[in-house]
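The values are calculated or read from the model by the stated rules, or taken from the named source; none is laboratory data. What you see is a predicted model; the values in this text were computed from it and never measured. Using ideal geometry, Cβ is built from the backbone for each residue, glycine included, and neighbour counts are taken over all protein chains shown.
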Amino acid sequence: MIGRQVRTQALDRPAPARIPRHVAIIMDGNGRWALRRGLPRLAGHRAGTENIRRVIECFARHGVKYLTLYAFSTENWSRPEEEVQGLMEILKEVLGREVENLHRQGARLLHIGNLDVLSPDLQEAVRHAIELTKDNDRITVAVAFNYGGRAEIIEAVRRMIADRVRPEEVTEELFASYLQTAGLPDPDLIIRTAGEQRLSNFLIWQAAYAEYYFTPVLWPDFDEAEIARALEAYAGRERRFGGLVPR
C-alpha cells in the first residue's frame, strides 16, 4: 500500500522542467461510456462535460499554461439530429453554469471554430465567456467547437489571398498568423482518449511536432491519475524537432 501511494505521488509530480506548455485533448468515448451503462448517449456527453472542470483544474495545478479541448468537429453535424441538438443544449448549460467558476479559477476562455452556424443565444454565451475571462492568466482554455483542421487551413488561405499576400511573402510564421490559433503556441502534447489513434482533423498544421499520448480510458473517466501518466510519458520523450540529440 505504501509503495502504491509513493507511485501515485510520483505520477502526480512530473519534473516541472518537462511539463508541456500546451496540451490538446481529443475528448473521445462519451457515447461508449453511456452505452456500457445502459444509458442514452447524451448521458455520456453530460458526464464528459462534467469532467472538463476537473481536468482544467488538474492541468492548471501541474503548470500547463494552454489547454485546447476538441469538443465538436465540423464532421459531428452528421450525427443524429437529436444528439446534435442535445449537445448544443449541454454547451449552453455548461456556459451558464461553469463560466463564473472558471473565471474565479483564473482560466481564460477562447473559442476556435465557426460560431456562425450556432444559435444567436449560444453565440452570445460564447462571446460573454471570452470577454469575461480575457484578462485571466493562470491557464488559457481554447474550446474547439464546430472546428475542423482542413477548414481552418482553407479559410487561412482565402484570407491571405483577400489580403493580397504575395507568394514570396508567405512564410510559416505568416501563415500561422492567419490560423484561428494565432497567438497560441503549438501543442507540445496531444492526448486522445478511448483508444483511437488518429487526429480526426484536429490541429493538422499545429500538431506537426507534437508528442502523442493515446489511452483506452473513456473521456468521462479521464482523471487525475491518467493525466499524471500522460505527463510522465511526455517527460520521458526526447523532442528533437527533426534534429539530433547532442551527445
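The table below lists the values:
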item	result
Unmet criterion (only one of (1) in contact with a strand residue (DSSP E or B) (Cβ under 7 Å, 6 or more places away or on another chain); (2) of a type in the set (A, V, I, L, M); (3) over 13 Å from I26 (Cα atoms)) for M160	(1)
Top-ranked residue of the stretch 116-137 - restricted to ones that are out of contact with any Leu (no Cβ under 7 Å at 6 or more places or on another chain) and surrounded by 15 or more Cβ atoms within 10 Å (Cβ to Cβ), ranked as nearest to Y66 (Cα to Cα)	N136
T133 vs. criteria among the β-branched types (V, I, T) and more than 23 Å from I90 (Cα to Cα)	no
Residue tally, condition out of contact with any Asp or Glu (no Cβ under 7 Å at 6 or more places or on another chain) and more than 14 Å from T140 (Cβ to Cβ), over the stretch 58-68	2
Residue match in the stretch 177-198 (condition: touching a Pro at 6+ places or on another chain (Cβ under 8 Å) and more than 20 Å from Y66 (Cβ to Cβ))	yes
When residues of the stretch 33-48 are limited to those that are crowded, with 20+ Cβ neighbours inside 10 Å and of a type in the set (A, V, I, L, M, F, W, C), the one farthest from I191 (Cα to Cα)	A34
Residue in the stretch 60-90 that is surrounded by the fewest Cβ atoms within 10 Å (Cβ to Cβ), counting only those that are farther than 23 Å from I190 by Cα and hydrophobic (A, V, I, L, M, F, W, C)	W77
Options R240, R150, R159; residue that is over 27 Å from V94 (Cα atoms), surrounded by fewer than 15 Cβ atoms within 10 Å (Cβ to Cβ) and modelled with pLDDT under 95	R240
Residue that is at pLDDT 85 or above and surrounded by fewer than 13 Cβ atoms within 10 Å (Cβ to Cβ), where the choices are N30, N51, N101	N101
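One line per residue, one yes/no per condition, for (1) over 30 Å from L231 (Cβ atoms); (2) of a type in the set (A, V, I, L, M, F, W, C); (3) in contact with a helix residue (DSSP H, G or I) (Cβ under 7 Å, 6 or more places away or on another chain); (4) touching a residue at least 12 places away in the same chain (Cβ under 8 Å):
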position	(1), (2), (3), (4)
G86	yes, no, yes, yes
H103	no, no, yes, yes
L115	yes, yes, yes, yes
H128	yes, no, no, yes
D137	no, no, no, yes
A144	no, yes, no, yes
I153	no, yes, no, yes
S177	no, no, no, no
